[in-house]
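Participant: Below you will find the structure I want to go over with you.
Taken together, the values in this text are just the output of simple stated rules run on the coordinates, not laboratory data. Small disclaimer: the values here were computed from a predicted structure and weren't measured. FYI the Cβ positions are ideal-geometry reconstructions off the backbone, even for glycines, and counts take in every protein chain you see.
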Amino acid sequence: MKSIIKYFPLLVLTLMIAGCGGSGEQQQSTPDTSATLSEGQSAVKDDVSNPNIVQVAVGSADHSTLVAALKAAQYVDALTNVGPFTVFAPTNAAFAALPAGTLETLTKPENQRTLRDILEYHVLLGVYKPETFLNDKKLGTADGRSLMVEVTADGSILINGGKIIGTVSASNGIIHVIDKVLVPEDK
């Protein structure tokens, strides 16, 4: 797990540098307007030199399960929009730690609303940097519920018991990588 944390910023930096490459010629960029309205915001081609939350997650090998869940819940467009958002992004290992069969059940089409509720529980409106988290503070989620912050003696930040193990900025907010899937008590 520590090696994943160690290389995650390098992956993001590599993606950002790759987006800056070019032939040296200056070109005026124009937005790709070929996307139809039915495809939503995620179909619009953005400048990837400053990736949004979804693009960062897609570029992370440790968040493929999260990306699959976002797609199954049809929540990609919401997190592609302007924001700003704070997203607590569980790792693949966090999803694997769920009880057997949970993820498979949640990603079925008939459970799309429940999965979306769980994903919305990982999203805050606005940008919350690590230094703004205070012990015993409640954070209001996108779905109207609350998350509890705990700052430990060693400075670790826990969100409902899930430890923040990394933080990455995105064009439309901030991503805190966590080691636990946050599940509302009523789900």
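Participant: Which FRET efficiency value, to the nearest 0.05, is calculated for THR132 and THR105 with the Förster distance at 25 angstrom and r the Cβ-Cβ distance?
Facilitator: Working from the Cβ atoms, E equals 0.10.
Participant: Next question, about the same structure. Would you mind checking which residues have amide H under 5 Å from PHE85's amide H? H placed 1.01 Å from N; only 5 or more apart, or other chain.
Facilitator: Those qualifying (amide H under 5 Å, at least 5 residues apart or on another chain) are GLY126, GLY173, ILE174.
Participant: So which of LYS129/LYS163; LYS137/LYS163; LYS108/LYS138 end up more than 20 Å apart, counting from Cα to Cα?
Facilitator: Those over the limit are LYS108/LYS138.
Participant: Then there is this: Which whole-Hz ³J(HN,Hα) couplings does the range 129-142 yield from phi under the Karplus relation 6.51 cos²θ - 1.76 cosθ + 1.60, θ = phi - 60°, glycine and proline marked x?
Facilitator: Result, ordered by residue: 7, x, 5, 8, 6, 10, 4, 6, 8, 9, 10, x, 8, 4 Hz.
Participant: Something else about it: Per residue of the range 172-181, what does 6.51 cos²θ - 1.76 cosθ + 1.60 with θ = phi - 60° give for ³J(HN,Hα)? Whole Hz please, x for Gly and Pro, Karplus curve as stated.
Facilitator: 10, x, 9, 10, 10, 6, 10, 9, 8, 7
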